[in-house]
1. Those residues that are aliphatic (A, V, I, L, M) and either within 20 Å of Leu220 (Cβ to Cβ) or surrounded by fewer than 12 Cβ atoms within 10 Å (Cβ to Cβ) (or both), I need them from the range 132-177; list them, please.
2. Residue check, Glu197 against (1) farther than 23 Å from Leu261 by Cα; (2) touching a residue at least 60 places away in the same chain (Cβ under 8 Å), all met but one. Which one?
3. Looking at the range 191-211 only, could you name the residues that are part of a loop (DSSP other than H, G, I, E, B) and surrounded by fewer than 17 Cβ atoms within 10 Å (Cβ to Cβ)?
4. Keeping to the range 6-36, report how many residues are over 21 Å from the mean Cα position of the chain (by Cα) and buried (at least 20 other Cβ atoms within 10 Å of the Cβ).
5. Out of (1) in contact with a Lys or Arg (Cβ under 6 Å, 6 or more places away or on another chain); (2) under 30 Å from Arg207 (Cβ atoms); (3) of a type in the set (D, E, K, R), what's the single condition that is false for Arg106?
6. Could you grab me the full set of residues in the range 215-234 that are free of Cβ contacts under 8 Å to residues at least 60 places away in the same chain and under 28 Å from Thr151 (Cα atoms)?
7. Does Ala34 fit the bill of being modelled with pLDDT of 95 or more, assigned to a helix (DSSP H, G or I) and within 30 Å of Ser113 (Cβ to Cβ)?
8. Kindly list the number of the only condition in (1) within 20 Å of Arg160 (Cβ to Cβ); (2) in contact with a strand residue (DSSP E or B) (Cβ under 9 Å, 6 or more places away or on another chain) that fails for Leu244.
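The values are calculated or read from the model by the stated rules, or taken from the named source; none is laboratory data. Treat the numbers as computed from the prediction; the structure is a model and nothing was measured. Virtual Cβ from ideal backbone geometry, glycine too; neighbours counted across all protein chains shown.
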Amino acid sequence: MPSPFPGMDPYLERPSLWPDVHFELMRSIRAALAPDVAPNYYVAIEQRTYIASSDPSSFLGRPDVVVVAAGPRMPGVARPSGNGGAATLDRPLVLDLPMPDQITERYLEIRDSRTDYVVTVIEVLSPSNKQPGEGRQQYERKRLHVLATLTSLIEIDLLRSWQPMPMAAPPASDYRLLISRGWQRPRAWLYPFDLTERIPDIPVPLREREEEPTLELNDLLHSLYQQVRYDLRIDYRGEPDPPLTPDNAQWAQRLLEVAGLRS
């Protein structure tokens, strides 16, 4: 079954589904681009890992702080200390320590086949990149590092939640594709689009004056949708997560009714 949406399917943004979509989309982009950039270049899947906490108050980097669970204590007998100070328990309390999360993010690099030099980085943004906190800070630092080099950057933002990545006065849109060629900075090319539109085809920069292959993201994502059978994991009778704006919700209602997926 094909996706009923002409471009990005908002139901793919569901937090429990997006990690699988992200992984498969990265593989599909790699497979699509590899023949177009060979033999001078190859496409590699890379990853970065960092430690972060899912709770901003989880005391990352403060090992001397603990959280004591509310509720009844373990049985114990309080006894005075030998020096007349505060009473102590002869048995320990049960408590929880704040645990950091290890975050692994994958991205693509187009590399020179002879030198392994990175000519283009392709990022498909995830919630950890966009939502406020350590993940966004880490990604923005990495982004600035790329922008300070001659390496080109493609940034694919298929998530409606949270603020867009830093750029000068981006127009309001549901989704964004950004192309930053290393030899044209600070100028960059933004492809904003909405839920009601197809995902634009975008050029993939290599080196200056070289022919740029085209990445047909819309066809790629819709083909992936059918190959992986995401329709089996989506209930179109409910609302997507995150929810749609009122205008988009009305448009989606009509679209899903026509497709026979909602009454």
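1. Within the range 132-177, Leu144, Ala148, Leu153, Ile154, Ile156, Leu158, Leu159, Ala168, Ala169, Ala172, Leu177 qualify.
2. (1)
3. Of the residues in the range 191-211, the ones part of a loop (DSSP other than H, G, I, E, B) are 194-201, 204-211.
Listed by number, the residues that qualify are Asp194, Thr196, Glu197, Arg198, Pro200, Asp201, Glu208, Arg209, Glu210, Glu211.
4. So the count comes out to 0.
5. (1)
6. Asp219 - this is the single residue of the range 215-234 that is free of Cβ contacts under 8 Å to residues at least 60 places away in the same chain and under 28 Å from Thr151 (Cα atoms).
7. Numbers: modelled with pLDDT of 95 or more: yes; assigned to a helix (DSSP H, G or I): yes; within 30 Å of Ser113 (Cβ to Cβ): yes.
When the stated conditions are applied, Ala34 passes them.
8. With respect to (1) within 20 Å of Arg160 (Cβ to Cβ); (2) in contact with a strand residue (DSSP E or B) (Cβ under 9 Å, 6 or more places away or on another chain), Leu244 is out only on (2).
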